[in-house]
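Read-outs: derived from the displayed coordinates by stated rules, not from any lab. What you are looking at is a predicted structure, and each value in this text was computed from that prediction instead of being measured. Positions of Cβ are generated from backbone atoms using ideal geometry, with glycine treated the same way; all protein chains shown enter the neighbour counts.
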């Protein structure tokens with residue numbers, strides 16, 4: 001994936017990455033893929049893995065879009081810093097959940113609520129960008145966070161391999 005921008009730079013002037021851009025993108029990839037590796041070591045459940053993959057992909061997309069073009073106005077609009085708080089809610093919830101699917105589901109619902117709050121504040125304050133774009137992106141990210149929460153909830157009901165039942169959290 002790191003080679004795609006380098007190849008695109010040879011074909012078009014629209015892509016103009018510097019060394020710092022490649023380092024940042026590489027760090028983002030390492031964190032996302034490392035997070036998924038950690039999640040797959042935690043459990044063997046398909047739904048749990050899918051939930052973790054969706055949450056990590058959503059976080060990756062949120063950061064990437066915010067850094068590239070900004071979700072509210074341009075990428076340098078100060079209101080875009082609110083999305084760091086959205087990610088902080090998700091990360092704090094994930095740490096507190098200790099890989100158990102039901103608490104992970106709750107953490108992702110809290111993350112969706114934080115995302116909705118950030119979008120609502122941006123709309124109410126009239127901060128940069130088209131209101132329809134802010135509403136559409138907010139809806140998309142809330143749906144992705146809630147989709148991950150739903151998958152974590154389903155993972156709690158999935159048959160866990162022997163020795164991992166304690167990670168499932170309380171019975172549904």
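Relative to the longest principal axis of the Cα atoms of the chain, the long axis of helix 82-97 makes an angle of roughly 20 degrees.
Using a Förster radius of 41 Å, what is the FRET efficiency between residue 2 and residue 92 based on their Cβ-Cβ separation? Nearest 0.05, please. Please report the intermediate quantities before stating the final value.
Values: r = 29 Å, r/R0 = 0.72.
The computed FRET efficiency comes out at 0.90.
Helix 19-42 versus the longest principal axis of the chain: what is the Cα-based angle in degrees, 0 to 90, to the nearest 10? Between helix and principal axis, roughly 10 degrees.
Available extension along the chain between residue 46 and residue 121 is 23.4 nm, counting 0.36 nm per residue and deducting the alpha carbon span. Taking Cα atoms only, the orientation of helix 101-125 departs from the longest principal axis of the chain by about 30 degrees. Distance between the 7 Å Cα→Cβ label points at residue 130 and residue 10: 3.5 nm. Only helical runs count toward this figure. For the chain, summing -39,500 (n - 2.57) over DSSP H runs of n ≥ 4 and dividing by all residues gives -25000 deg cm²/dmol at 222 nm.
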